[in-house]
Amino acid sequence: MIRNDWKLEEIKDIFYKPVLELVYEAATIHRQYNETGEVQVCTLLSVKTGGCAEDCAYCPQAARYHTNVKAQKLLAVDEVLKNALEAKESGSTRFCMGAAWREIRDNRDFDNVLEMVKGVNNMGMEVCATLGMLTPEQAEKLKNAGLYAYNHNLDTSADHYDQIITTRKYSDRLDTLENVRKSGISVCSGGIIGMGETEYDRISMLHTLATLPQHPESVPVNALVPVEGTPLENQEKVSVWEMVRMIATARVLMPKAMVRLSAGRVRMTTEEQALCFLAGANSIFAGDKLLTTPNPGTIEDKAMFQLLGLKPRKSFKIEELEEIALY
Ligand code: SF4
């Protein structure tokens, strides 16, 4: 049953089950609601890099930190479309464009992003964007251009938020998610673990996501990839068991969501990633870079799919069109 009235205590009980029992429960729910063995492959491209005025403690793109990231203005529409086509040809069915902006501004850059959205949408891929905060009017424009999904992560719990970001509030995050939801664009929202939060913070973030009026269709679970020059550069690596607990709990709470095994894969073995798929993860990001941080290459991922017998998932968009054509 899909529920969005989860109590914190109930989530705690799920989260703290013996790990193999938790994985078994998550795998059982995953089997009921999704095609197990199918994993969606997505590509994330940074279309505008660095120089961001925000202070997200994990992010090498914040202008105030001294990292190796070179700021780059918005890419040309053609260049982005070329990247999208390459991603499609190598098996991605979802293409996400990320811009290091605090919020969308109504200017020429936004007009160009709308052109990118139209172009990628015409390729038959699910097109997603992560452009910072947005207003209802901007969400509407993105929807009309063909945007399928909008990513805006909660990052962490409401309590831990001011340890990670001080330049905006948790309520700003939630307002943006509401604007996205109201426009009819599908919602992608998750978080990052390994940023000095407690287990309570992890449970609390999952509680916020699972009690939204409608679950996000997509929930990325990221492990911090610490970057030199950021305040979190010395954070310890999270263990696979911590990732498995997050993924499995997310799967139990939000059975139909695409749970995306996102940043941090580069530091995981194939066996560890297999455990995450068993626990209910059903999507990965492909390509050797995730915005600005390293990610396993396409060849390694293809070998993993073959070894584990995984099938790349069709885009939801194509599936919806096929269903319409049947009637
Ligand atoms: S996460 Fe986004 S908003 Fe935060 S500093 Fe990085 S680019 Fe800016």
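Values quoted throughout were computed directly from the atomic coordinates according to the rules given, and no laboratory measurement underlies them. All figures in this text were calculated on a predicted structure; none of them were measured in a lab. FYI the Cβ positions are ideal-geometry reconstructions off the backbone, even for glycines, and counts take in every protein chain you see.
Mind giving me the nanometre distance, one decimal, between the label points for Y200 and D13, set 7 Å out from Cα along Cα→Cβ?
Placing both labels 7 Å beyond Cα along the Cβ direction yields 2.0 nm.
Sort 2-11, 84-93 by packing, meaning the average of other beta carbons within 10 Å per residue, with the highest value first. Let's see the in-between values first.
Numbers: 2-11: 12.8, 84-93: 17.7.
For the peptides 2-11, 84-93, the packing ranking is 84-93, 2-11.
Going toward the positive end of the dipole of the chain, with +1 on Lys and Arg Cβ and -1 on Asp and Glu Cβ, which of N107, T156, L177 do you reach last?
N107
Dipole size in debye (nearest 20) for the range 1-55 around its Cα centre, Lys and Arg Cβ +1, Asp and Glu Cβ -1?
100 debye
Could you work out the relative contact order of the chain? I mean the mean sequence separation of Cα pairs under 8 Å and 6+ apart, divided by the number of residues, in percent.
On the way: 620 pairs, mean separation 79.6, N = 327.
Over the chain, the number comes to 24 percent.
What number do you get for the range 155-311 when its Cα radius of gyration is normalised by 2.2 N^0.38 Å, N = residues? All intermediate terms of the calculation are to be shown ahead of the outcome.
Working: Rg = 15.6 Å, N = 157, 2.2 N^0.38 = 15.0 Å.
Compactness ratio reported: 1.04.
Which percent of Cα pairs goes in each bin when the distances of the range 1-96 are cut into 10 angstrom slices starting at zero?
The distribution over the range 1-96 is 12, 22, 22, 27, 16, 0, given as percents.
Rounded to two decimals, what is Rg over Rh for the range 138-220 when you use alpha-carbon atoms and the Kirkwood radius? Each step should come with its number before you reach the end.
On the way: Rg = 13.1 Å, Rh = 13.2 Å.
Computed over Cα atoms, the ratio is 0.99.
Near K88, which lysines are there with a Cα under 19 Å away, not counting those fewer than 8 places off in the same chain?
K88 reaches K118, K289, K302, K311, K314, K317.
Give me the one-decimal nm value for the distance between modelled label points at N107 and N234, 7 Å along each residue's Cα-to-Cβ direction.
With each label placed 7 Å out from Cα toward Cβ, I get 3.8 nm.
Return the calculated 222 nm mean residue ellipticity for the chain, to the nearest 500 deg cm²/dmol, obtained by summing -39500 (n - 2.57) across DSSP H runs with n ≥ 4 and dividing by the residue count. Intermediate results must be reported in sequence, preceding the final value.
Details: 12 runs with 136 residues, N = 327.
Result for the chain: -12500 deg cm²/dmol, rounded to the nearest 500.
Just to be sure I follow: if Rg is taken over the C-alpha atoms of the range 18-69 and Rh is the Kirkwood radius over the same atoms, what is Rg/Rh?
Numbers: Rg = 19.2 Å, Rh = 14.9 Å.
Taking Rh as the inverse mean 1/r over Cα pairs, Rg/Rh reads 1.29.
Averaged over all directions, how much area does the convex hull of the C-alpha atoms of the chain cover when projected, in nm²? The partial results should precede the final answer.
On the way: hull surface 62.4 nm².
Over every viewing direction, the Cα hull of the chain projects on average to 15.6 nm².
Two-decimal Rg/Rh of the range 133-179 from alpha-carbon positions, Kirkwood Rh?
Numbers: Rg = 12.3 Å, Rh = 11.7 Å.
Checking Rg against Rh, the ratio lands at 1.05.
Using +1 at the Cβ of each Lys and Arg and -1 at the Cβ of each Asp and Glu in the chain, identify which of G50, V244, H66 lies farthest towards the dipole's positive end.
G50
Using unit Cβ charges (K, R positive; D, E negative) and no other charged atoms, how large, in debye to the nearest 20, is the dipole of the chain about its Cα centre? Walk me through the numbers on the way to the answer.
Numbers: 37 positive and 45 negative charges, 80 e Å.
Here the chain has a charge dipole of around 380 debye.
Treating the beta-carbon of each Lys and Arg as +1 and of each Asp and Glu as -1, no other charges, what is the dipole magnitude of the range 61-161 about its Cα centre, to the nearest 20 debye? Kindly include the intermediate steps, with their values, before the conclusion.
Working: 12 positive and 14 negative charges, 41 e Å.
Using Cβ point charges on Lys, Arg, Asp and Glu, the range 61-161 gives about 200 debye.
Each residue of the range 146-155 in order: what ³J(HN,Hα) in whole Hz does its phi give by Karplus 6.51 cos²θ - 1.76 cosθ + 1.60, θ = phi - 60°, with x for Gly and Pro?
3J(HN,Hα) across the range 146-155, in whole Hz: x, 5, 8, 9, 10, 9, 8, 6, 6, 6.
One-quarter of the Cα convex hull surface for the range 73-204, in nm²?
Numbers: hull surface 34.6 nm².
Here the figure is 8.7 nm², rounded to one decimal.
Count the DSSP beta bridges whose two residues both fall in the range 196-300, then state the antiparallel fraction as a percent rounded to the nearest 5. Walk me through the intermediate numbers first.
Values: 2 of 8 bridges.
Antiparallel bridges make up about 25 percent of those DSSP assigns within the range 196-300.
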